[in-house]
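Take a look at the structure set out below.
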Amino acid sequence: MAETTAKRSMPTVAASARTSLVVGGVIVGALIVWQLSNVLLLFFGAVVAAVILRSGAKVLEDHTPVTAPWSLVLSIVVIAALMAAFFFLLGTQIATEASSLVQRLPEMITRLGERFGVDDLYERLAERVSQFAGGGSMASEVAGYTSVLVSAVTNLVLVLVAGIYLAARPRRYRQGILRLIPPGLRDNASDTFDNTGRALRLWLLGQLVSMAIVGALTTLGLYLIGMPSALALGFLAGLSEFVPIVGPILSAVPAILLALSEGGNTVFWVIGLYFAVQQIESNVIMPLVQRRTVDLPPVLTLFALLALGVLFGPLGVLLATPLTVVLYVAVNQLYLRDTLQEDVEIPGLD
């Protein structure tokens, strides 16, 4: 009797052991992923860079006799040449205006404090920032800023180099990932990769168009108003469009501070200009762009920015929206369509 009971309990013990191992493996895997979260975000940044390079290569392959791998090489050269030409023509002026803007920052903040009856506002803010940074010496603060700058440049170089490698042989890395997936799920996974890649490419194209138009409109409007540093502020407004919702608000802050220091009704003209440009972007530009791209719900975008910003800092904010695009497409296809059998439109699906 005791022997029979022992034999019956053995499968139960084995099942419990297997369950414990699975749960332990999941927990360990989650901890490893959490520890490597910044590395994974940088890898996703490299994927974004690779998508941009491959998009340029595809345009060349579709409209010129150039074929791979020379299309990728030419795409890199063209993108680098365009960026070099832009900064050669406007880089010096942007840098000069940006430097002037930074030098005037204490004056702008002081005048803002005077306007609202707060004495020594700049000194108070500087003291709070110093306390927040740990109250270290000037040398340690400069060393800290230098370390952050070096780290940012290193990460940027890493992302660009990895993006070039990914763009050069995308099928190799794609097949490597697919081999990790059970054979019965590979076709669906491959289809999901195609759709997420296409959606990400279209979203990036839409963002580049939006960034260029917003930057140009803001620069032109600030010139007409007579604001100093119009080109630098317009360039900042264009760049900030890469981070929806939060970016445009933050880009308006230095322009408003500068307008307050100018006095008169300038601040109202500047606020009206930024509001008008955002209305054009939201109601004219983006609806035209989103006919062929991903229309993310604004609330989903906002909370994705908030969540990834809290978890991963500036890098999370920068990559929050393209990562949300990928997850949005994957959830629509793998969960809503394939699991729940819902009739949903898959962003990126032709």
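Which of 164, 87, 261 sits farthest toward the positive end of the charge dipole of the stretch 38-337, with +1 on the Cβ of Lys and Arg and -1 on the Cβ of Asp and Glu?
Result: 164.
Treating only the Cβ of Lys, Arg, Asp and Glu as charged (+1, +1, -1, -1), what charge dipole size does the stretch 38-337 show about its Cα centre? Round to the nearest 20 debye.
1280
Would you please calculate the Kirkwood hydrodynamic radius of the stretch 38-337 over all C-alpha pairs and express it in Å, rounded to one decimal?
21.9
Answer with one residue from 305, 235, 252: the one whose Cα lies farthest towards the positive end of the charge dipole of the stretch 38-337, charges on Cβ with Lys, Arg +1 and Asp, Glu -1.
Going by the charge dipole, the pick is 305.
I'd like to know which of 44, 180, 216 lies farthest towards the positive end of the charge dipole of the stretch 38-337, counting +1 on Cβ of Lys and Arg and -1 on Cβ of Asp and Glu.
180
When a footprinting reagent is the concern and you count Cβ atoms within 10 Å, what order do 179, 169, 104 take, fewest first?
Starting with the residue having the fewest Cβ neighbours, the order is 179, 169, 104.
Report the FRET efficiency, 1/(1 + (r/R0)^6), for residue 310 and residue 239, where r is their Cβ-Cβ distance and R0 is 25 Å, rounded to 0.05.
0.65
Kindly rank 307-318, 267-278, 249-260 from highest to lowest mean number of other beta carbons found within 10 Å of each residue.
The peptides rank, most packed first, as 249-260, 267-278, 307-318.
With N set to the residue count of the stretch 243-350, report its C-alpha Rg divided by 2.2 N^0.38 Å to two decimal places.
1.38
Kindly write out, for the stretch 38-49 in residue order, the coupling ³J(HN,Hα) from the Karplus curve 6.51 cos²θ - 1.76 cosθ + 1.60 (θ = phi - 60°), rounded to whole Hz, with x marking Gly and Pro.
5, 5, 5, 5, 5, 4, 5, x, 5, 4, 4, 4
Coordinate-derived values only; no laboratory data. Since we're looking at a predicted model, the values are computed, not measured. Every residue, glycine as well, gets a Cβ built from its backbone with ideal geometry; the counts of neighbours run over all protein chains shown.
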